[in-house]
2 protein chains.
Amino acid sequence: MDGPRQGDVFGELLRDALAVRTGVGPRPLVGGRLPRPVIEIIERDDGLINGAPAEHYLDGPEQWEPYDHRAVHRASGAVLDVGVGGGRIALALQERGVSVTGLDISPGAVRVAQARGVRDVVCATVDEHVGQGARYDTFLLLGNNLGLLEGRGRAPEFLAALAAMARPGAQIIAQGTDPYGTTDPLHLTYHERNRRRGRLGGQLRLRLRYRELSTGWFDYLVCSTDELGQIVAGTPWRLVDIDNADAPFYLATLRLVGP
Amino acid sequence: MDGPRQGDVFGELLRDALAVRTGVGPRPLVGGRLPRPVIEIIERDDGLINGAPAEHYLDGPEQWEPYDHRAVHRASGAVLDVGVGGGRIALALQERGVSVTGLDISPGAVRVAQARGVRDVVCATVDEHVGQGARYDTFLLLGNNLGLLEGRGRAPEFLAALAAMARPGAQIIAQGTDPYGTTDPLHLTYHERNRRRGRLGGQLRLRLRYRELSTGWFDYLVCSTDELGQIVAGTPWRLVDIDNADAPFYLATLRLVGP
């Protein structure tokens, strides 16, 4: 039994999803003939595995959840779309005449976003991008990308990096999910195990897989708005609004403190 | 990192797929709210992983591939549906007035098939079922279940078990897929590796995963019709017909030699 190979899972996944959607380029096939749906596979470190169809990364506004529309309406000034992916949010902002830069660590995602028409895309981590000197009024962390805060350890660094790129009065609009409404014993046990290890209950340890590729294991934070409030305290940001209209999904708005 | 737990992957998957389809019973949800598509995850021992939506196991004849219709038309007499799964084939046979027994090693699949109306279902392996004394005119191995032959080693035993349950003149109708039309380097490399190890090129070593559960690793044969002919030689069966109209998918008909 060989293991999977480390690689640009998300980029390969998006490239294939785009080929399936447009009918252009090589696509995964069953029996060399029938199109195979492109499915993102998410493994959690307790052995849980889930598959999720990847099309949603390319969805236009007609297919979005309501909170995505509300997030885009709140964006203003120069926007950094953190985790631009296939560019669904950045494209909608561009169409509204909003100035947006897409940031992603996946080279393949950056290529897909560009191919779909996102004009300003950067392949870098948030920390790397700080050094480039660009400044922003709005940071978007949509598609559950509040998870990029990872946990209590990483969040202050991540939020400091955004603050270093922030213009006065800048905002972060982050979409999260409250994980604690579940009654599924599998998740309840996982949350409890995390807490015993000093982690937040919904601090997921995940890896993504697609075909022969895997990412390394990484932390991805799914937290309540109370937990988010505690994480933000002591950072250059203040939690100024929670839009809970689509609970358990929420939009958190953080505002840069001070002059 | 814990591994997945061994369990009735296929049964759990079918139960959830049925709950999603009927809206009855607990269903997998995202964020405790949005229905999550039920996806079967298939790992190959070279690290390849694929997800496949599970709905097709419950598809009615309207959604079937053409070769499934032709297979059902060829079934006659007392039928054993080997790997009855969610019962899609057995239900169609029942409606046509054909006498059919569904066989599956998954207790959960047997429950789903029964819940959907399959009247005669047995939870057992082929070898276990031989001892029960029932005799059949047609054995169906559909949904790629030619794969149950596993490889050169297991195939003669499996075919002997079917012969032990066969009435004079009995037939096996098995659906397979020719794996060798692919140009995907991932598959070409796998086939070559298999051959170096004395296995058939398309002798897949797989495990299925769903949520926290995994099967053990098992062999599943995807072979050409030439390879099938070689496998069948020396068994109590003769390969009498190949229906290749939907290549690379095919229906192989084997006839009992003798009396």
With of a type outside the set (Gly, Ala, Ser), open to solvent by 10 Å² or more (accessible area, probe 1.4 Å) and over 15 Å from the mean Cα position of the chain (by Cα) as the only criterion, which of A:Val98, A:Val118 stands out? A:Val98
Can you find a residue that is among the hydroxyl-bearing types (Ser, Thr, Tyr), closer than 30 Å to A:His187 by Cβ, in contact with a Pro (Cβ under 6 Å, 6 or more places away or on another chain) and at pLDDT 95 or above anywhere in the range B:167-179? no
Out of B:Val84, B:Val79, B:Val20, sole residue that is more than 11 Å from every other protein chain (Cβ to nearest Cβ), in contact with a strand residue (DSSP E or B) (Cβ under 8 Å, 6 or more places away or on another chain) and closer than 30 Å to A:Ala245 by Cβ: B:Val20
Return the residues of the range A:226-259 that are polar (S, T, N, Q) and surrounded by fewer than 16 Cβ atoms within 10 Å (Cβ to Cβ); say none if nothing qualifies. A:Gln230, A:Asn244
Find all pairs meeting these conditions: Cβ atoms under 7 angstrom apart; at least six residues apart or on different chains; first residue within the range A:43-54 and more than 7 Å from chain B (Cβ to nearest Cβ); second residue in a loop (DSSP other than H, G, I, E, B) and not acidic (Asp, Glu). A:Ala54/A:Val38
With respect to A:Val112, is the statement that it is open to solvent by less than 10 Å² (accessible area, probe 1.4 Å), assigned to a loop (DSSP other than H, G, I, E, B), in contact with a helix residue (DSSP H, G or I) (Cβ under 6 Å, 6 or more places away or on another chain) and away from chain B (no Cβ under 14 Å) true? no
Could you check the range A:121-146 and list, in sequence order, the residues that are surrounded by 23 or more Cβ atoms within 10 Å (Cβ to Cβ), touching a residue at least 60 places away in the same chain (Cβ under 8 Å) and not in a loop (DSSP other than H, G, I, E, B)? A:Thr138, A:Phe139, A:Leu140, A:Leu146
Considering each of A:Gly47, A:Gly31, A:Gly23 in turn, give the residue that is at positive phi, buried (at least 17 other Cβ atoms within 10 Å of the Cβ) and out of contact with any Gly (no Cβ under 7 Å at 6 or more places or on another chain). A:Gly31
Looking at (1) touching a Phe, Trp or Tyr at 6+ places or on another chain (Cβ under 8 Å); (2) open to solvent by 30 Å² or more (accessible area, probe 1.4 Å); (3) part of a helix (DSSP H, G or I); (4) not aromatic (Phe, Trp, Tyr), find the lone condition where B:Pro156 falls short. (1)
Considering only the range B:43-100, how many residues are small (Gly, Ala, Ser) and in a helix (DSSP H, G or I)? 3
Yes or no: B:Asp120 of a type outside the set (Val, Ile, Thr) and modelled with pLDDT of 95 or more? yes
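The values are calculated or read from the model by the stated rules, or taken from the named source; none is laboratory data. Everything numeric here is computed off the predicted structure, so don't read it as measured data. Because the Cβ atoms are built from the backbone with ideal geometry, glycine has one as well, and the counts that use them run over all protein chains shown. We work out accessible area using only protein heavy atoms, side chains counted, and drop any ligands, DNA or RNA first. Shrake-Rupley method; radii C 1.70, N 1.55, O 1.52, S 1.80 Å.
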